[in-house]
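**Q** Next up is a structure, given as structure tokens.
None of the figures in this text is laboratory data; all of them are computed from the coordinates on show. Remember, predicted model here, so these are calculated numbers, not experimental data. All Cβ positions, glycine included, derive from the backbone under ideal geometry; neighbour counts span all protein chains shown.
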Amino acid sequence: MTTLTAARSTEPSPVLVMARIEAGRLLRHPIFAVALALDAWLLVSSVMVDPEPNLQRMSETWAILTAFCLGVGGFLAMYRVTRSTDASREVVAAVPVDEQQRTLALCLVCVIPLGVAVVSGLFTLIAWEPGPITEPGFYGRLPWADVWLFNVCVLLASLGGPLLGVTLGRWWSWPMAGAVSAVLLVAWCVSTGFRTTSFVTTLHHQAAPFTLPITGASSEETFRQGGSWWWRVPYVASLCALAVIAALLHGATDHRRTLLLRTGTCVAVLAIVLLVVSTLTGPQGVLLWRA
């Protein structure tokens, strides 16, 4: 009995077995493969063309490429992988697990885009910052803390996009759901580039899953967007948690469903509070003149 118990304790968790299989399916998916190749090519070519020790340029380039290639690309890939999970012979024949366990395995796979974003961020930092930075500030004279908090939000976007793809894949079976949702998601993020001159515009800016801390970077005038990045980081993290909970809700019954609903309600309330606080605190949108 002891030997049998020890053997069972060394067996990998069914969820981890499923996650390993789903990870292979994600890495082989054409959308994610193209997203990885595009991200690597554009990032390396940007470093080779303009390898200046300028953290502003580094942060802007890396952030936009990461959010688009890994966030949106990961969203589309995970949506397609999720939609095909239940029909995949490779997955179904692996281990006998229920839908919630398969969904949890898919959510674990979303750390792959996050890991790629971390590696690409380290590569960019090393390539674009060969020596110590002597500037007192950068990125439109933003404080150092705000820029690094912004970069944390970029990493969370590379995680949240794929998680949202899992959620959408579980709840929306329309063939064009992924493409339409991706377009709407990008349009929402782009629309946050307007100046934050009121509570409503700042709220819109802070609510988006991805946004930039400045606008008008290509002109002689740069506007710093309002809101607090200290509170925005936990807000975006709460969105990621909500995506996981919403995905697990599909097919949940009885006590598990009740627990998920209660947890999701608490996280949703927390997200709203964090959003309001991040909108009301922090600096107001101000005009910053470029040298």
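**Q** Order the peptides 181-187, 201-207 from the highest to the lowest mean number of other Cβ atoms within 10 Å of their residues.
**A** 201-207, 181-187
**Q** All other residues with a Cβ under 13 Å from the Cβ of Ala179 taken together, and with Lys, Arg as +1 and Asp, Glu as -1, what is their net charge?
**A** My count for the surroundings of Ala179 gives +2.
**Q** When Arg83, Arg262, Arg170, Arg102 are ordered from fewest to most other Cβ atoms inside 10 Å of their Cβ, what list results?
**A** Arg262, Arg83, Arg170, Arg102
**Q** Starting from 0.36 nm per residue, how many nanometres of slack lie between Ala127 and Val183 once their C-alpha separation is accounted for? Don't jump to the answer; show the numbers that get you there.
**A** Numbers: separation 56, 0.36 × 56 = 20.16 nm, distance 3.19 nm.
Contour length minus the Cα-Cα distance gives 17.0 nm.
**Q** What's the local net charge at Val81, with K and R +1, D and E -1, over the other residues with C-beta under 9 Å away?
**A** That sum, taken over residues with Cβ under 9 Å, equals +2.
**Q** Shifting gears a bit: Stretch Ser45-Met176 to full length: gain in nm at 0.36 nm per residue minus the Cα-Cα span?
**A** Value of the extension gain: 43.9 nm.
**Q** Continuing with this model, one more query. For the ranges 242-255, 156-169, 222-235, what's the packing order if you count other beta-carbon atoms within 10 Å of each residue, average per peptide, and put the highest first?
**A** Values: 242-255: 17.8, 156-169: 28.0, 222-235: 21.9.
Answer by packing, highest mean first, reads 156-169, 222-235, 242-255.
**Q** Follow-up question, since we're still on this one. Taking amide H positions as placed in the peptide plane 1.01 Å from N, state which residues far from Val286 in sequence (5 or more) or on other chains have amide H under 5 Å from it.
**A** For Val286, the qualifying residues are Arg224.
**Q** Same structure again: Which number do you get for Rg(Cα) / (2.2 N^0.38 Å) in region 142-227? Please list the in-between numbers first.
**A** Values: Rg = 15.0 Å, N = 86, 2.2 N^0.38 = 12.0 Å.
Cα-based Rg divided by the globular estimate yields 1.26.
**Q** Rounded, prolate or oblate: pick one for region 138-191, where a ≥ b ≥ c are the square roots of the eigenvalues of its C-alpha gyration tensor, a/c under 1.5 means rounded, and failing that, prolate if a/b is larger than b/c, else oblate.
**A** Oblate, since a/c reaches 1.5 and b/c is not below a/b.
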